[in-house]
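Student: Take a look at this one; I'll ask things after.
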Amino acid sequence: MTADHDKTFFRTFMIVLGLLVAITVLAIIGANIITGMTANDEMRPEQISRVKERTQPVYAVNTDPNATQVAASGDEGGEPMSGEEVFNNVCTACHTSGVAGAPEVSDTGAWEKRLSEQGKDTLYTRAIEGYKSMPAKGGDPSLSEEEMHKAVDYILSEAGAS
C-alpha cells in the first residue's frame, strides 16, 4: 500500500512541478512579447534618447586654467531681500513650528533669553554660520550677511525681544 501511495504522490508532485515550469516558460515568453525586445535587439531611438537624458551628469569639473569663473546666483547683485522676505522664504519652516528645537518666533521669552545671554552679534554669527541642526544661512547659501542680519532683526522684532 505504501508503494502505491508513493507512486501517487510522485505522480502528483511531477504534474505540479511540470505545471509550474510551464507557467514560468509562458511568463518569460509573454514578457519578451510585451517588451518587444530579445537579447539580440538594439534599443529603440526614443529609448536611447531617454537614457541619455536621464544619465546626464549633474555637474562638470572645469580643468581649463584659463576659464573665467561665473558668479553664483546670490552674487548677481540686485536688491537685497528684506528681513521679512528672508524669514518667509527660508526661516519660517523651522521657526514657526519649532522643528528640531528651533525657537519659535512667538516665544518671546526664548528670544529675550538668547538676546540677553548671547548678544545680537552671536545670533548674527549663528544665523550666518549655522548652529546645531540649523544649516548655515538657513540652508540658502545665496543669502548675504546683510540679509541674514535683517532676518535676525526681523525675528527679534516679531518676537518682541529687540
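The values are calculated or read from the model by the stated rules, or taken from the named source; none is laboratory data. What you see is a predicted model; the values in this text were computed from it and never measured. Because the Cβ atoms are built from the backbone with ideal geometry, glycine has one as well, and the counts that use them run over all protein chains shown.
Student: Would you please name the residue that is farthest from Asp153 (Cα to Cα), looking only at residues in the stretch 85-112 that are in contact (Cβ under 8 Å) with a residue 60 or more places away in the chain and either of a type in the set (Val, Ile, Thr) or loosely packed, with under 15 Cβ neighbours inside 10 Å (or both)?
Tutor: Among those that are in contact (Cβ under 8 Å) with a residue 60 or more places away in the chain and either of a type in the set (Val, Ile, Thr) or loosely packed, with under 15 Cβ neighbours inside 10 Å (or both), it is Val90.
For (1) out of contact with any His (no Cβ under 9 Å at 6 or more places or on another chain); (2) closer than 30 Å to Tyr131 by Cα; (3) surrounded by 10 or more Cβ atoms within 10 Å (Cβ to Cβ); (4) modelled with pLDDT under 80, each residue gets a yes or a no:
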{"site": "Lys7", "(1), (2), (3), (4)": "yes, no, yes, no"}
{"site": "Leu17", "(1), (2), (3), (4)": "yes, no, yes, no"}
{"site": "Ala22", "(1), (2), (3), (4)": "yes, no, yes, no"}
{"site": "Ala39", "(1), (2), (3), (4)": "yes, no, no, yes"}
{"site": "Arg44", "(1), (2), (3), (4)": "yes, no, yes, yes"}
{"site": "Arg50", "(1), (2), (3), (4)": "yes, no, yes, no"}
{"site": "Tyr59", "(1), (2), (3), (4)": "yes, yes, no, yes"}
{"site": "Ser73", "(1), (2), (3), (4)": "yes, yes, no, yes"}
{"site": "Glu79", "(1), (2), (3), (4)": "yes, yes, no, no"}
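Student: Also, I was wondering about something else. Would you please name the residue that is nearest to Ala159 (Cα to Cα), looking only at residues in the stretch 113-143 that are among the hydroxyl-bearing types (Ser, Thr, Tyr) and in contact with a helix residue (DSSP H, G or I) (Cβ under 7 Å, 6 or more places away or on another chain)?
Tutor: Among those that are among the hydroxyl-bearing types (Ser, Thr, Tyr) and in contact with a helix residue (DSSP H, G or I) (Cβ under 7 Å, 6 or more places away or on another chain), it is Tyr124.
Student: Filtering the stretch 135-162 down to residues that are at pLDDT below 85 and outside any helix (DSSP H, G or I), which residue is surrounded by the most Cβ atoms within 10 Å (Cβ to Cβ)?
Tutor: The residue in question is Ala161.
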